[in-house]
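Comments concern the structure below.
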Amino acid sequence: MNRILLLLTFCLLSAAAHAQYVTNLTLLKNQFLTGEPVVAEITIINRSGADVIVGGHGARDWLHFEITEAEGRRLSPVTIGSEKPITMRAGGTMKHTVEISGGYSTADLGTYNMIANVLHPISGQFYVSNRARMTITDSKPNMFDQPFGVPEGFPNAGRARRYQVILFRELNTLQLYCRLTDDRSGAYIATFLLGSVNMATQPQISIDPKNKLHVFFMAQPHVYCHAIVNPDGKIFKRGYYRDQEGNRPSLLVGGGFPQVVGGVYFDPGAPPPEKKKMRKASERPPGL
């Protein structure tokens with residue numbers, strides 16, 4: 001009888017341990033270019049019955065990513081912490097987006113599997129997510145490939161770099177990428193997505209007098225994007241323009257800094273304008 005009770009108690013404790021978190025891992029996409037950061041979203045449901053605090057200055061890293069090749073070889077794990085504490089409410093759901101770069105490089109082509117391990121600090125145990133698959137591929141610069149020198153004010157000033165723009169087909173969409181490489185060694189410094197592109201209009205690409213890269217392209221019918229990239233491989237500015245009543249925007253290049261002419265600038269993240277409330281025919285204007 002005692003043995004049965006002991007076994008039952010052990011089973012209940014094991015079930016409780018496995019019920020602390022329910023975790024799910026999703027990737028922003030499943031196909032990445034060489035050197036492109038992998039963006040992952042981990043969803044955590046706190047089933048522990050109590051609030052859980054992870055992260056904070058000097059706290060233990062609470063999120064570990066394990067990445068394995070298709071053949072089973074495991075790469076170095078990627079550990080993520082946070083300077084500010086994060087509270088996961090009892091019974092609540094938290095979504096955490098992580099950009100995996102630096103500690104993990106998508107330099108090698110192939111197919112990989114990724115899982116996330118989430119720390120439950122009270123018990124000291126990690127809880128495992130589902131397995132997500134990703135493919136690392138590559139493409140040569142087929143739109144633009146020009147060298148430049150890093151100007152003063154940026155890291156490695158004076159070094160020779162190269163801007164490359166790549167048109168890449170991903171499933172049923174065309175994507176435009178920017179890549180920064182070392183002109184001497186050819187090493188990839190940064191690879192990142194500029195956005196989906198509609199090739200009904202040929203992209204316009206230019207380097208300005210301060211060695212910033214300007215890429216102007218049609219993002220969707222009647223909508224254009226003007227992306228400016230700094231010599232350190234980071235986006236400096238991104239603006240959007242509408243083709244209005246046949247006044248199609250374009251990038252004016254030559255004789256100075258490239259600038260957009262034509263079209264109408266707009267902010268795609270701005271809330272839509274409020275519609276004016278129509279007055280009923282029976283309503284009289286104020287004062288009448």
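The values are calculated or read from the model by the stated rules, or taken from the named source; none is laboratory data. All of these numbers come straight from a predicted model, not from anything done at the bench. With ideal geometry, Cβ positions are generated from the backbone for all residues, glycine too; neighbour counts draw on all protein chains shown. All accessible areas refer to the heavy atoms of the entire protein, side chains included, with ligands and DNA or RNA removed. Shrake-Rupley method; radii C 1.70, N 1.55, O 1.52, S 1.80 Å.
What number of residues within the range 63-87 are closer than 12 Å to VAL98 by Cβ and of a type in the set (Val, Ile, Thr)?
Initial filter on the range 63-87 (closer than 12 Å to VAL98 by Cβ): 63-65, 78-82.
Narrowing the set further to residues that are of a type in the set (Val, Ile, Thr) leaves 78-80.
Going through the range 63-87 one residue at a time, the tally reaches 3.
Scan the range 123-144 and report the pairs whose first residue is in contact (Cβ under 8 Å) with a residue 12 or more places away in the chain and whose second residue is open to solvent by less than 80 Å² (accessible area, probe 1.4 Å) and part of a loop (DSSP other than H, G, I, E, B), with Cβ atoms within less than 7 Å and a gap of 6+ or a chain change.
SER123/GLN20; TYR127/GLN20; ILE136/THR34; ILE136/THR106; ASP138/THR34; MET143/PRO203
Does the range 237-252 hold any residues that are more than 25 Å from THR191 (Cα to Cα) and open to solvent by 80 Å² or more (accessible area, probe 1.4 Å), and which are they?
Within the range 237-252, ARG242, GLN244, GLU245, ARG248, LEU252 qualify.
Conditions (1) under 30 Å from GLY195 (Cβ atoms); (2) open to solvent by 80 Å² or more (accessible area, probe 1.4 Å), marked per residue:
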position	(1), (2)
GLN20	no, no
LEU27	yes, no
ILE53	no, yes
ARG60	no, yes
HIS64	no, no
PRO85	no, yes
THR97	yes, yes
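Of everything in the range 139-174, what is more than 16 Å from MET199 (Cα to Cα), outside any loop (DSSP other than H, G, I, E, B) and of a type in the set (A, V, I, L, M, F, W, C)? Give them in sequence order.
PHE148, ALA160, listed by residue number.
Name the single residue that is modelled with the lowest pLDDT among those in the range 68-108 being of a type in the set (A, V, I, L, M, F, W, C) and within 30 Å of SER48 (Cα to Cα). I'd like the intermediate steps shown before the answer.
First pass over the range 68-108, keeping only residues of a type in the set (A, V, I, L, M, F, W, C): 70, 75, 78, 80, 86, 88, 90, 94, 98, 100, 107.
With within 30 Å of SER48 (Cα to Cα) added as a condition, the list becomes 78, 80, 86, 88, 90, 94, 98, 100.
On the way: VAL78: 88, ILE80: 88, ILE86: 93, MET88: 94, ALA90: 94, MET94: 95, VAL98: 90, ILE100: 85.
Residue satisfying both the conditions and the ranking: ILE100.
So ALA50 ticks every box in (1) out of contact with any Ser or Thr (no Cβ under 8 Å at 6 or more places or on another chain); (2) within 25 Å of MET114 (Cα to Cα); (3) touching a residue at least 40 places away in the same chain (Cβ under 8 Å) but one. Which box is left unticked?
The single condition ALA50 does not satisfy is (2).
Restricted to the range 184-208, and to residues that are closer than 26 Å to GLY255 by Cα and either among the hydroxyl-bearing types (Ser, Thr, Tyr) or without any contact (Cβ under 8 Å) to a residue 40 or more places away in the chain (or both), which residue is surrounded by the most Cβ atoms within 10 Å (Cβ to Cβ)?
Filtering the range 184-208 down to residues closer than 26 Å to GLY255 by Cα leaves 194, 201-208.
If we keep only those that are either among the hydroxyl-bearing types (Ser, Thr, Tyr) or without any contact (Cβ under 8 Å) to a residue 40 or more places away in the chain (or both) too, we end up with 194, 201-202, 206.
On the way: LEU194: 20, THR201: 16, GLN202: 10, SER206: 17.
Only one residue tops the list, namely LEU194.
Which members of the range 29-47 meet the condition of being in a strand (DSSP E or B), under 13 Å from ASN113 (Cα atoms) and open to solvent by 30 Å² or more (accessible area, probe 1.4 Å)?
Hit for the range 29-47 is GLN31, nothing else.
Tally time: how many residues in the range 216-236 are open to solvent by less than 30 Å² (accessible area, probe 1.4 Å) and either among the polar types (S, T, N, Q) or over 19 Å from the mean Cα position of the chain (by Cα) (or both)?
Within the range 216-236, residues that are open to solvent by less than 30 Å² (accessible area, probe 1.4 Å) and either among the polar types (S, T, N, Q) or over 19 Å from the mean Cα position of the chain (by Cα) (or both) number 7.
Consider only pairs whose beta carbons are under 7 Å apart and that are at least six residues apart or on different chains; among these, list those whose first residue lies in the range 234-261 and is over 13 Å from ALA219 (Cα atoms) and whose second residue is open to solvent by 70 Å² or more (accessible area, probe 1.4 Å) and aliphatic (A, V, I, L, M).
As it stands, the answer is PRO258/LEU252; GLN259/LEU252; VAL261/LEU252, since those pairs meet every condition given.
Tell me which of these ARG131 doesn't satisfy, since it passes every other one: (1) open to solvent by 40 Å² or more (accessible area, probe 1.4 Å); (2) farther than 30 Å from GLY49 by Cα.
(2)
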